[in-house]
Amino acid sequence: MSALALPLNEVHVWKARLDLDPEELSRLAQTLSTDEQARAARYRFEVHRRRFIAARGCLRRLLAQYLGCQAAAVRFRYGPSGKPAVVSEADLRFNVSHSDDVALYAFAQGREVGIDVERIRETTGWERIAGRYFTPGERALLEAVPPTLRVAAFFQLWTRKEAYLKARGEGLRFGRLEAEPDNDPGWWVVALEAPLGYAAALAVEATPPVPMLRRMST
Ligand SMILES: CC(C)(COP(=O)(O)OP(=O)(O)OC[C@H]1O[C@@H](n2cnc3c(N)ncnc32)[C@H](O)[C@@H]1OP(=O)(O)O)[C@@H](O)C(=O)NCCC(=O)NCCS
């Protein structure tokens, strides 16, 4: 019996912090598969290794609660651009994003989801990225914002785009960056409330009814 129910018309968004105490981290590490442990070992910096273990361990824990199984028993498969999906008879879809020690998770039944969170940083070269990858419509939105708020606005627009491309499973390398999420009637894209200093967005395959959003924290 699963401990978490996910009705068809709901999308669940979970937030987790990834800088965990050593006992908690070690509990999560024990649920990782051999290939996930090997991936963790390849991180050059300890902080990144720990956060990967925390993010994957939390994902396994949440999926296990939806699927009614042990966290270590969850199996993943990967799409052509690397989007992970769960191997299960249930039609549970999910997506994950992390930035520094914040992770966001989105879950839905039978419809694709994409999620993105980014820490708002002045030093990302955001003006160059907007100039290169934003559509004229997105650039116009950015320019309409007062200059002091522009970096935050950039990250809001960027997370919408990335959530949309992640929902489609394309990611950034293969995704159509010229696509405008708001002009695609097949998808529903919303900004999410994020911790202070972060921007976040969620994209959902918008087969009616419009999904109800539920937010929870681990
Ligand atoms: C996937 C991608 C969008 C991640 O962007 P990011 O801002 O660095 O990272 P985020 O934290 O938002 O998302 C990372 C998570 O998205 C998921 N993910 C990976 N590939 C994905 C894809 N193609 N579509 C949707 N989600 C994907 C994973 O759960 C990943 O978590 P993990 O690194 O802990 O396994 C970006 O790396 C990308 O576009 N990659 C293109 C595909 C690619 O290069 N594949 C290489 C193998 S072919």
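The values are calculated or read from the model by the stated rules, or taken from the named source; none is laboratory data. All values reported here derive from a predicted model rather than from experimental measurement. We place every Cβ from the backbone using ideal geometry, glycine too, and count neighbours over all the protein chains shown. Side chains are part of the model used for accessible areas, which takes the heavy atoms of the whole protein and leaves out ligands, DNA and RNA. Shrake-Rupley method; radii C 1.70, N 1.55, O 1.52, S 1.80 Å.
Check the range 113-125 and report whether any residue there is of a type in the set (Val, Ile, Thr), free of Cβ contacts under 8 Å to residues at least 40 places away in the same chain and more than 14 Å from the ligand (Cβ to nearest atom).
yes
So in the range 75-85, with the set limited to residues that are within 19 Å of LEU202 (Cα to Cα) and in a strand (DSSP E or B), which one is farthest from the ligand (Cβ to nearest atom)?
Taking the candidates together, the pick is ALA85.
Being assigned to a strand (DSSP E or B) and within 12 Å of the ligand (Cβ to nearest atom): is that true of ALA191 here?
Here the answer is no, as ALA191 does not meet what is asked.
Name the pairs: first residue in the range 72-84 and more than 20 Å from ALA54 (Cβ to Cβ), second residue open to solvent by 50 Å² or more (accessible area, probe 1.4 Å) and charged (D, E, K, R), Cβ to Cβ under 8 Å, at least 6 apart or on different chains?
SER81/ARG173
Any idea which of ALA72, ALA55 is open to solvent by 60 Å² or more (accessible area, probe 1.4 Å) and in a helix (DSSP H, G or I)?
Values: ALA55 fails: open to solvent by 60 Å² or more (accessible area, probe 1.4 Å).
Result of the check over ALA72, ALA55: ALA72.
Looking for something more than 13 Å from the ligand (Cβ to nearest atom) and either acidic (Asp, Glu) or in contact (Cβ under 8 Å) with a residue 12 or more places away in the chain (or both) - is there at least one such residue anywhere in the range 143-151? Working first, answer last.
Taking the range 143-151 as the starting set, the residues that turn out to be more than 13 Å from the ligand (Cβ to nearest atom) are 143-151.
Now restrict to residues that are either acidic (Asp, Glu) or in contact (Cβ under 8 Å) with a residue 12 or more places away in the chain (or both): 143, 151.
Yes, the conditions are met somewhere in the range 143-151.
Since THR31 meets every condition but one in (1) open to solvent by 10 Å² or more (accessible area, probe 1.4 Å); (2) within 10 Å of the ligand (Cβ to nearest atom), which condition does it not meet?
(2)
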